[in-house]
Structures are given as structure tokens and as C-alpha cells.
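Colleague: Okay, handing you the structure first.
The values are calculated or read from the model by the stated rules, or taken from the named source; none is laboratory data. For clarity, every value in this text was computed on a predicted model and none was experimentally measured. So basically every Cβ, Gly included, is an ideal-geometry build from the backbone, and we count neighbours across all protein chains shown.
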């Protein structure tokens with residue numbers, strides 16, 4: 001027979017009352033909610049009463065946020081959150097390995113959300129206006145974020161507009177217990193709009209499951225232009241230095257296991273004629289990740305390399321839009337950990353310095369994609385869907401250097417019958433020309 005202490009019973013009641021009050025307060029008038037928020041609740045009252053009042057006030061603040069004019073003006077908040085999860089409407093989670101302990105799992109998603117400023121009519125002229133209208137897309141994106149947050153512990157986004165991140169999405173996701181870091185791309189010469197409308201990459205993490213230990217924002221061009229890092233050849237100057245590609249690294253502590261995870265998110269250069277650029281950008285990101293790992297553990301880079309060789313290295317996740325399909329040099333670099341210049345396509349004839357002439361080595365070793373088996377079996381064929389281009393170019397890579405970390409589930413492909421009705425995305429249910437990908441991992 002279990003004996004429940006008065007303290008445990010009290011904490012249980014506080015939690016139960018808080019949830020109850022959050023639901024009740026939603027129905028109150030804004031004025032009533034405001035009075036609750038402003039009402040003092042800690043003073044000479046006994047501790048128990050103060051804690052209950054404190055949680056009631058938190059519930060009131062939550063309801064006030066829901067009722068704020070800014071929220072009411074936004075299309076997302078006028079919708080009920082009791083609907084089914086839209087992410088799983090035409091897709092399903094595929095179990096690849098059994099989960100042994102749900103508390104030790106980590107779910108990571110990646111999603112290129114298609115900046116409104118890249119929705120050019122010449123490229124997306126197959127779409128009706130209702131699919132390209134920003135307000136309608138914004139509503140669908142909000143719903144996707146909300147539903148993705150129910151499936152993910154870490155979310156990586158590409159082409160997220162800086163203005164909407166700072167003005168809305170940052171706080172919107174924080175209301176669902178997700179903190180974030182963001183890196184905006186430098187504005188290119190052709191950009192005539194406000195710099196705040198430029199897009200970038202972001203990482204969101206569930207604060208119930210993770211603590212942020214550190215983060216790093218990366219502008220690739222800053223490193224390529226540095227002669228200490230890269231020989232300033234003609235190809236370096238004309239092909240690498242001029243790109244406005246960025247990345248962000250977050251170092252997170254998994255609260256339950258106390259394990260540290262190094263997560264990067266990037267959006268590599270887009271052009272199919274620049275596979276070499278994407279390869280060099282990936283190479284640079286792995287180098288910077290190794291430096292982040294070395295700084296965090298106060299090790300030399302050679303010590304980190306030795307850890308990786310011994311398969312007792314750190315937990316590393318590299319997510320993003322790599323703009324590279326599974327037959328690309330970037331994929332080979334990640335999957336094999338090495339590019340041999342003797343076996344590259346003849347189009348890769350650029351010269352980036354003597355150290356890249358024979359081999360281009362991944363300093364973090366090889367990586368695995370949880371989607372590899374599904375792709376090889378023809379069960380997962382695309383992460384972007386347009387009339388002229390359907391392929392896998394988005395990835396959630398995890399380092400093969402930590403044997404204690406493995407994948408368990410992925411978010412599967414879209415139902416093929418559904419796709420027959422659409423030339424490409426976005427549409428009334430998918431707000432981007434990409435689809436979100438998601439992988440669940442587990443610490444052993």
C-alpha cells in the first residue's frame with residue numbers, strides 16, 4: 001500500500017487546479033482576466049494559498065495572451081486547437097525500431113517553409129491565388145507549426161522571414177514552451193526590400209525537455225573570406241565568398257538523460273550548377289561543429305577527432321535544406337565521410353587550394369540518414385514537390401560517432417493518391433513547396 005504525503009497531495013492539487021483554471025479563464029472577458037493578472041497573490045498569505053494563486057495567475061496570463069488584440073487579429077488564434085493533427089492528415093509515422101524508454105527519446109523536425117518573397121509568379125504560375133496568398137499561407141503555417149510542435153522536441157526551419165520571426169513566431173512558439181535562436185541571411189545586392197524581410201534559419205527546442213547551453217550563429221562568407229581558413233583562389237573568391245548562406249548551432253542538454261546534443265541547421269546554396277559550393281559549405285559546417293564541440297568540452301580538435309574514431313563521440317544532428325539529392329557529392333560526403341577527388345564528376349574541376357586536391361574529409365566522420373532505407377525501397381521519394389522538380393533535398397543527419405544514439409521513427413511520405421490531384425505545392429493544406437521531415441531518436 002502506498003502512502004501519499006500531504007506535500008505530494010498538495011502539489012497534485014496545484015497542478016490539477018492550474019489546468020482547470022487555464023480552461024475556465026479562457027472564457028472570461030479580457031477585463032476580468034486583466035484584473036486577475038494584476039491582483040497581488042503573494043504576501044502574508046500561507047505558502048499553499050500563494051502557490052495556488054500564483055498558478056491561477058499564470059493561467060490568467062495564458063488566457064490574456066490568447067485574448068490579446070494582436071492574437072485576435074491573427075488568423076491562427078481564431079481556430080480551435082482541438083482539431084486533428086494536420087501533419088498526420090496525409091502522412092503517418094513509420095516505426096523503424098522499437099522505443100525502449102520514451103523518456104529517452106528526442107524528436108527532430110526540419111522544414112523549409114518557403115519565404116513569401118521567393119514565391120515568384122514565373123516559377124509558381126501553376127498555382128491559384130488562394131494557394132499563394134500570404135495571409136492564407138500564414139494561417140496554414142501557424143497550424144503546421146502548432147501541430148509539428150506536438151510531434152517534435154527540436155524544430156529546424158529554413159526560409160523563415162526575420163520580421164515574422166521577431167514580431168510573431170518567436171513569441172508564438174514560446175507560448176508552447178519552445179525557445180529559439182535565429183540567424184538572418186545578409187541581404188544580397190539585388191534585394192530592394194527591407195532587410196527585416198530577409199529570411200534565415202532557426203532552431204526551436206522544447207524547454208520542458210532541453211536546456212540551452214550555448215549557441216553559435218554562422219555566416220559562411222566570413223569564414224571563406226578568411227585566408228587562414230581557405231586559400232583565396234579565383235574559385236574561392238568567385239564561388240564561395242559571395243554567397244549569403246548562413247547556419248546556426250545550438251548546444252542543448254537533454255534534461256532526462258543529461259546528454260548533450262549539438263544541433264545545426266542550414267540552408268545551402270540553391271543552384272544545381274554549384275554542387276562544389278554546397279560541398280564546401282557542408283565541409284565548413286562540419287569544421288565549425290568540431291570547433292564548437294572542442295570549446296564545449298575544453299578539448300583540442302585532435303582530441304575530438306579521436307573521440308569520433310573511437311565511436312564514443314558527441315551526439316550530433318545536422319538538419320536543413322541541403323539542396324542536394326542522394327546522388328550528390330554532399331550526400332556522399334555526409335554518408336561516407338569522405339570525397340575522393342579521383343571519383344568526382346568532371347564538372348567538379350574547381351581549385352580551392354592544395355589541401356582539397358586529393359580528398360575532402362568530413363572531420364566528424366560519417367553520418368546516417370534515418371530516411372535512407374525508406375528512400376532505397378522507393379517508399380520516400382521527395383521532400384520538395386513542384387511540377388518540374390520532385391526530389392529529396394532536405395535531411396536530418398545524425399553522427400555515426402555515438403553508438404548510444406539511434407533512430408526509431410520517421411514521418412513518412414505523403415499519400416500517393418492525394419498527390420494525384422496536385423501538380424505541386426503549396427496548396428490548401430501544404431503551405432510550402434517543401435514538406436516537413438521528422439525523425440525520432442533514442443538514447444540507449
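Colleague: Could you tell me which residue of the range 318-336 is farthest from residue 248 (Cα to Cα), considering only residues that are touching a strand residue (DSSP E or B) at 6+ places or on another chain (Cβ under 7 Å) and outside any helix (DSSP H, G or I)?
Modeller: In this case the residue turns out to be 325.
Colleague: Continuing with the same structure: I'd like the full set of residues that are free of Cβ contacts under 8 Å to residues at least 40 places away in the same chain, surrounded by fewer than 17 Cβ atoms within 10 Å (Cβ to Cβ), closer than 26 Å to residue 84 by Cα and over 15 Å from the mean Cα position of the chain (by Cα), limited to the range 147-176.
Modeller: The answer is 171, 176.
Residues checked against (1) over 30 Å from residue 258 (Cβ atoms); (2) in contact with a helix residue (DSSP H, G or I) (Cβ under 6 Å, 6 or more places away or on another chain); (3) in a strand (DSSP E or B):
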position: 84; (1), (2), (3): yes, no, no
position: 97; (1), (2), (3): no, no, no
position: 103; (1), (2), (3): no, no, no
position: 114; (1), (2), (3): yes, no, no
position: 121; (1), (2), (3): yes, no, no
position: 126; (1), (2), (3): yes, no, no
position: 141; (1), (2), (3): yes, no, no
position: 147; (1), (2), (3): no, yes, no
position: 168; (1), (2), (3): yes, no, no
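Colleague: Return the residues of the range 145-171 that are touching a strand residue (DSSP E or B) at 6+ places or on another chain (Cβ under 9 Å) and farther than 20 Å from residue 88 by Cβ; say none if nothing qualifies. Before you say what the answer is, go through the steps one by one.
Modeller: Keep residues of the range 145-171 that are touching a strand residue (DSSP E or B) at 6+ places or on another chain (Cβ under 9 Å), which gives 145, 148-149, 151-162, 165-166, 169-170.
Hits for the range 145-171 are 158, 159, 160, 161, 162, 165, 166, 169, 170.
Colleague: Hey, among the residues in the range 270-279 that are buried (at least 22 other Cβ atoms within 10 Å of the Cβ) and under 14 Å from residue 244 (Cα atoms), which one's farthest from the chain's Cα centre (by Cα)?
Modeller: Checked the range 270-279; the qualifying residue farthest from the chain's Cα centre (by Cα) is 277.
Colleague: Also: One residue is enough: does the range 281-299 have a residue meeting the conditions assigned by TED's automatic domain parsing to the domain that holds residue 362, part of a loop (DSSP other than H, G, I, E, B), modelled with pLDDT of 95 or more and surrounded by fewer than 22 Cβ atoms within 10 Å (Cβ to Cβ)?
Modeller: Looking through the range 281-299, at least one residue is assigned by TED's automatic domain parsing to the domain that holds residue 362, part of a loop (DSSP other than H, G, I, E, B), modelled with pLDDT of 95 or more and surrounded by fewer than 22 Cβ atoms within 10 Å (Cβ to Cβ).
Colleague: What single numbered condition from (1) surrounded by fewer than 18 Cβ atoms within 10 Å (Cβ to Cβ); (2) out of contact with any helix residue (DSSP H, G or I) (no Cβ under 6 Å at 6 or more places or on another chain); (3) touching a residue at least 24 places away in the same chain (Cβ under 8 Å) fails to hold for residue 258?
Modeller: So residue 258 meets the others, but not (3).
Colleague: Inspect all residues belonging to the range 367-380 and state whether any of them is out of contact with any strand residue (DSSP E or B) (no Cβ under 8 Å at 6 or more places or on another chain) and crowded, with 23+ Cβ neighbours inside 10 Å.
Modeller: No, the range 367-380 contains no residue that is out of contact with any strand residue (DSSP E or B) (no Cβ under 8 Å at 6 or more places or on another chain) and crowded, with 23+ Cβ neighbours inside 10 Å.
Colleague: Does at least one position in the range 213-227 carry a residue that is assigned to a helix (DSSP H, G or I) and without any contact (Cβ under 8 Å) to a residue 40 or more places away in the chain? Full working, then the answer.
Modeller: Let us first name the residues in the range 213-227 that are assigned to a helix (DSSP H, G or I), namely 220-224.
When the remaining residues are screened for being without any contact (Cβ under 8 Å) to a residue 40 or more places away in the chain, the result is 221-222.
The answer is yes; a qualifying residue exists.
Colleague: Still on this structure: Can you find a residue that is part of a strand (DSSP E or B) and on the phi < 0 side of the Ramachandran plot anywhere in the range 413-433?
Modeller: no
Colleague: Also, I was wondering about something else. Of the residues that sit in the range 332-354 and are in contact (Cβ under 8 Å) with a residue 24 or more places away in the chain and under 21 Å from residue 237 (Cα atoms), which one is surrounded by the fewest Cβ atoms within 10 Å (Cβ to Cβ)?
Modeller: 354
Colleague: Test each condition in (1) touching a residue at least 60 places away in the same chain (Cβ under 8 Å); (2) surrounded by 18 or more Cβ atoms within 10 Å (Cβ to Cβ); (3) over 30 Å from residue 101 (Cα atoms) for residue 248 and report the one that comes out false.
Modeller: (3) is the only condition that residue 248 fails.
Colleague: Which numbered condition trips up residue 363, out of (1) surrounded by fewer than 20 Cβ atoms within 10 Å (Cβ to Cβ); (2) more than 30 Å from residue 389 (Cα to Cα); (3) free of Cβ contacts under 8 Å to residues at least 60 places away in the same chain?
Modeller: Among (1) surrounded by fewer than 20 Cβ atoms within 10 Å (Cβ to Cβ); (2) more than 30 Å from residue 389 (Cα to Cα); (3) free of Cβ contacts under 8 Å to residues at least 60 places away in the same chain, the lone unmet condition for residue 363 is (3).
Colleague: Within the range 178-194, track down each residue that is touching a strand residue (DSSP E or B) at 6+ places or on another chain (Cβ under 8 Å) and more than 30 Å from residue 209 (Cβ to Cβ).
Modeller: Hit for the range 178-194 is 186, nothing else.
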